[in-house]
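J.: I have a structure here, written as structure tokens, and I will follow up with some questions on it.
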Amino acid sequence: MFEIGRLCVKLAGRDAGKKCVVVDTVDEFTVLIDGQTRRRNCNVKHLEPLKEVLKIKKNVSHADIVKEFKKLKLEIRDTKPKKASPRPKKSKQKKDALEETNVKKSVVKKTTEIQVESKQTKKPKAAKPVTKTKKEQKE
Amino acid sequence: MPAGNKKSNTFRKVFVKTPGGKTVVHHRTRKPKQHKCADCGAEIIGVPRLRPYEMHNLAKTKKRPQRAYGGKLCGACLKKKIVLESRS
């Protein structure tokens, strides 16, 4: 039934409804397929064979299958997987934010120097620039 | 008696014990039922049971299986449909 070159339709998975060709037999139950689907091993139960049998050698490359499918007027979309984009660097934003707050810090520091240096006054004023940096990062 | 808008069947009663020792009724909204296949009526896997405003916030791939007729037909009914179309 599922000899090399047999046209099939895939029944399950995200490739369901697409046409493919048997390229190689692996087991009694698994088969290598290629075509409009991805090139992968597939269970025989998830395939529905069609009438046509193509003349193909074993382990044919993807480019040759595209030519064979063009004769049958079946289109294959060749899409390349997207490359993962690099993560955005947050260090530069922090430095810019700190530069802006340092200007403000200098103004704040003058007031603390005049006042009595106690731990209670320092902590709330130290907390202010931290919250500003977080807001600027979110922007 | 509960307030007017809490009398409907969309709320379920939950009995909560307060730290003061009283038991009090809380009205909480129910989860919707699981989606069903359009052909056979079987429950579809892959569609979460959430209220509409929660579904709006989800990404597209998290609301339905990534398959033809995903979220509408179950896997068995899809197979029957594809086989029928290929044999005609």
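The values are calculated or read from the model by the stated rules, or taken from the named source; none is laboratory data. Note that the structure is a prediction, hence the values are computed from the model and not measured. When we count neighbours, we look across all protein chains shown, and the Cβ atoms used for this are built from the backbone with ideal geometry, even at glycine.
J.: Given the conditions (1) within 14 Å of another protein chain (Cβ to nearest Cβ); (2) touching a helix residue (DSSP H, G or I) at 6+ places or on another chain (Cβ under 9 Å), and given that B:ALA76 satisfies all but one, which numbered condition is not satisfied?
T.: Answer for B:ALA76: the failing condition is (2).
J.: Search the range A:42-52 for residues being charged (D, E, K, R) and within 22 Å of B:ALA76 (Cα to Cα), and hand back the single one that is farthest from the other protein chains (Cβ to nearest Cβ). If you could, list the steps in order and put the result at the bottom.
T.: Filtering the range A:42-52 down to residues charged (D, E, K, R) leaves A:45, A:48, A:51-52.
Okay, now just the ones that are also within 22 Å of B:ALA76 (Cα to Cα), so A:45, A:48.
Numbers: A:LYS45: 10, A:GLU48: 5 Å.
So, considering only residues that are charged (D, E, K, R) and within 22 Å of B:ALA76 (Cα to Cα), the one farthest from the other protein chains (Cβ to nearest Cβ) is A:LYS45.
Residues are listed down the side, and each one gets a yes or a no for (1) modelled with pLDDT under 90; (2) over 20 Å from B:ARG67 (Cα atoms):
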| site | (1), (2) |
| --- | --- |
| A:LYS19 | no, no |
| A:THR25 | no, yes |
| A:LEU47 | no, no |
| A:ILE76 | yes, no |
| A:LYS89 | yes, yes |
| A:VAL107 | yes, yes |
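J.: Next question, about the same structure. Please specify each residue of the range B:22-37 satisfying the condition of being in a loop (DSSP other than H, G, I, E, B), free of Cβ contacts under 8 Å to residues at least 24 places away in the same chain and within 30 Å of B:LYS80 (Cα to Cα).
T.: In the first step, residues of the range B:22-37 are kept if they are in a loop (DSSP other than H, G, I, E, B); the result is B:22, B:30-35, B:37.
Next, only the ones that are free of Cβ contacts under 8 Å to residues at least 24 places away in the same chain stay: B:22, B:30-34.
Once the filter is applied, which keeps residues that are in a loop (DSSP other than H, G, I, E, B), free of Cβ contacts under 8 Å to residues at least 24 places away in the same chain and within 30 Å of B:LYS80 (Cα to Cα), the range B:22-37 yields B:PRO32, B:LYS33, B:GLN34.
J.: Quick check on my filter: what residues within the range B:8-21 are at pLDDT 95 or above and assigned to a loop (DSSP other than H, G, I, E, B)?
T.: B:THR18, B:PRO19, B:GLY20, B:GLY21
J.: Please pick out the residue among A:VAL116, A:VAL103 that is part of a helix (DSSP H, G or I), exposed (fewer than 14 other Cβ atoms within 10 Å of the Cβ) and modelled with pLDDT under 85.
T.: Values: A:VAL116 fails: part of a helix (DSSP H, G or I).
Testing whether each residue is part of a helix (DSSP H, G or I), exposed (fewer than 14 other Cβ atoms within 10 Å of the Cβ) and modelled with pLDDT under 85 leaves just A:VAL103.
J.: Which pairs turn up if I take residues in the range B:38-65 that are at positive phi and look for partners that are surrounded by 11 or more Cβ atoms within 10 Å (Cβ to Cβ) and among the polar types (S, T, N, Q) with beta carbon separation below 9 Å, at least 6 apart in sequence or on another chain?
T.: Going by the 9 Å Cβ cut-off, the qualifying pairs are B:GLY46/B:GLN66.
J.: With (1) surrounded by 10 or more Cβ atoms within 10 Å (Cβ to Cβ); (2) outside any helix (DSSP H, G or I); (3) more than 18 Å from the chain's Cα centre (by Cα) as the list, and B:LYS80 as the residue in question, which single condition is left unmet?
T.: Answer for B:LYS80: the failing condition is (2).
J.: Turning to a different aspect of this structure: Can you tell me which residue within the range A:11-41, out of those that are over 22 Å from A:LYS73 (Cβ atoms), away from chain B (no Cβ under 14 Å) and surrounded by 17 or more Cβ atoms within 10 Å (Cβ to Cβ), is nearest to the chain's Cα centre (by Cα)?
T.: Ranking the candidates gives A:LEU32 first.
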